[in-house]
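Data block below; observations after.
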Amino acid sequence: MRRGLIIINAYSSLASSLNQSERLKAEFARLGVETDVRRNNFFPVSIAEGGEISSEADGYDFCVYLDKDKYVSMMLEKRGMRLFNRHDAIEACDDKMVTAVRLAGRGIPMPRTLPGLLCYDEGVHVPEELLDSVERRLGYPVVMKTACGSLGKGVFLLGSREELRAKAEELMRTPHLYQQFISESRGRDLRVIVIGHRCVAAMLRESAGDFRSNLELGGRGTPYALPAKTAALCEEVSEVLGLDYCGVDLLFGEEGMLVCEVNSNAFFGGIERVTGVNVGRLYAEHICREVYHS
Ligand SMILES: Nc1ncnc2c1ncn2[C@@H]1O[C@H](COP(=O)(O)OP(=O)(O)O)[C@@H](O)[C@H]1O
Ligand SMILES: [Mg+2]
């Protein structure tokens, strides 16, 4: 019997997250693979007395890791589990600054980006020199992002020194970054799903009232015919980061597309509805090819 484990976050109650695991389970069933969907809170792996990693998740051929908890993914992989995505790829995507650094130096276009600088002291303020540097290098409006945000919630557009100072104060103890605002892309971006380093679905996302185009914030998706150059860019991103599955977000720059961020756990419900592509099936098929060579 072919068996797989699908792990989801211990806390999440998001419908799109629960839908993702159930859709994958159904697609695996079609392919003759039985899967268990479990929340991470059964502690699939732990460090046992004596220092070995002990596992409550043996007997599975693979694990679709729909969570981002990096300790568990690291331990599962050390126990020999084949993870989709692999731990290293999940970790690289979880933090937008780490993603940008991993992608840098390869001719992959990205917005100009400054790493957020963390404060470990009490009773201090963001130095004015730091704000001067951000202002000089990126101008206004400027984008600030929490490094590990999603669904557009940790992305802010700041139009003045006062707004920048206030957000920098708020985030001085949270991993973050500063980024050039790509004004041509205001309220619109591209979402591309890549499976096994091949683009399988793309949509244009547009928002009427927000500079962020996330569907969760009211963005509207329409199918998009991907130019070969943009497809090649997304496939390179997926290869560099070692992803089996991802959603690449791209911004419309003055001189071409720019990589905005890469989601290792991109929800596929929205893009399936918009494009009619059965992303869940393609992902399950990819996993079967990798694990069973069939
Ligand atoms: N540098 C930028 N310039 C213009 N728009 C941006 C920029 N960065 C993000 N956005 C907009 O904000 C949205 C959310 O940002 P993103 O980095 O993808 O974070 P999240 O993980 O929350 O989706 C993007 O889809 C895009 O519409
Ligand atoms: Mg995004």
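The table that follows gives values for the structure above.
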read-out	value
Residue that is farthest from Ala208 (Cα to Cα) [pool: residues in segment 218-260 that are open to solvent by 30 Å² or more (accessible area, probe 1.4 Å) and acidic (Asp, Glu)]	Glu239
Check on Tyr140, in a loop (DSSP other than H, G, I, E, B), within 14 Å of ligand 1 (Cβ to nearest atom) and more than 26 Å from the chain's Cα centre (by Cα)	yes
Condition check for Ser150: hydroxyl-bearing (Ser, Thr, Tyr) and free of Cβ contacts under 8 Å to residues at least 24 places away in the same chain	no
Test: residue in segment 104-115 that is under 27 Å from Glu216 (Cβ atoms), in contact (Cβ under 8 Å) with a residue 60 or more places away in the chain, open to solvent by less than 50 Å² (accessible area, probe 1.4 Å) and not in a loop (DSSP other than H, G, I, E, B)	yes
Residue match in segment 185-194 (condition: in a strand (DSSP E or B), more than 9 Å from ligand 1 (Cβ to nearest atom), open to solvent by less than 60 Å² (accessible area, probe 1.4 Å) and not assigned by TED's automatic domain parsing to the domain that holds Ser238)	no
Answer residue from segment 152-161, given it is within 13 Å of ligand 2 (Cβ to nearest atom) and open to solvent by less than 40 Å² (accessible area, probe 1.4 Å) and is farthest from Lys68 (Cα to Cα) among those	Val155
Pairs where the first residue, in segment 252-280, is touching a residue at least 12 places away in the same chain (Cβ under 8 Å) and in a helix (DSSP H, G or I) and the second is within 12 Å of ligand 2 (Cβ to nearest atom) and open to solvent by less than 30 Å² (accessible area, probe 1.4 Å), C-beta under 8 Å, 6+ apart	Ile271/Arg191; Ile271/Gly247
Breaking point among (1) closer than 30 Å to Arg3 by Cα; (2) under 15 Å from the mean Cα position of the chain (by Cα); (3) within 16 Å of ligand 2 (Cβ to nearest atom), for Asp249	(1)
Of the criteria (1) touching a residue at least 24 places away in the same chain (Cβ under 8 Å); (2) within 16 Å of ligand 1 (Cβ to nearest atom); (3) outside any strand (DSSP E or B); (4) surrounded by fewer than 19 Cβ atoms within 10 Å (Cβ to Cβ), which one Leu164 fails	(4)
The one condition in (1) assigned by TED's automatic domain parsing to the domain that holds Val259; (2) part of a strand (DSSP E or B) that Leu177 fails to fulfil	(1)
Qualifying residue in segment 205-220 (condition: farther than 23 Å from Ala100 by Cβ, within 16 Å of ligand 1 (Cβ to nearest atom) and assigned to a strand (DSSP E or B))	yes
Residue within segment 80-93 that is buried (at least 17 other Cβ atoms within 10 Å of the Cβ), free of Cβ contacts under 8 Å to residues at least 40 places away in the same chain and small (Gly, Ala, Ser) present	no
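The values are calculated or read from the model by the stated rules, or taken from the named source; none is laboratory data. This is a predicted model, so every value here is computed, not measured. Backbone-built Cβ (ideal geometry, glycine too); neighbour counts: all protein chains shown. The protein model used for the area step is the full one, side chains on, heavy atoms only, and it has no ligands, DNA or RNA in it. Shrake-Rupley method; radii C 1.70, N 1.55, O 1.52, S 1.80 Å.
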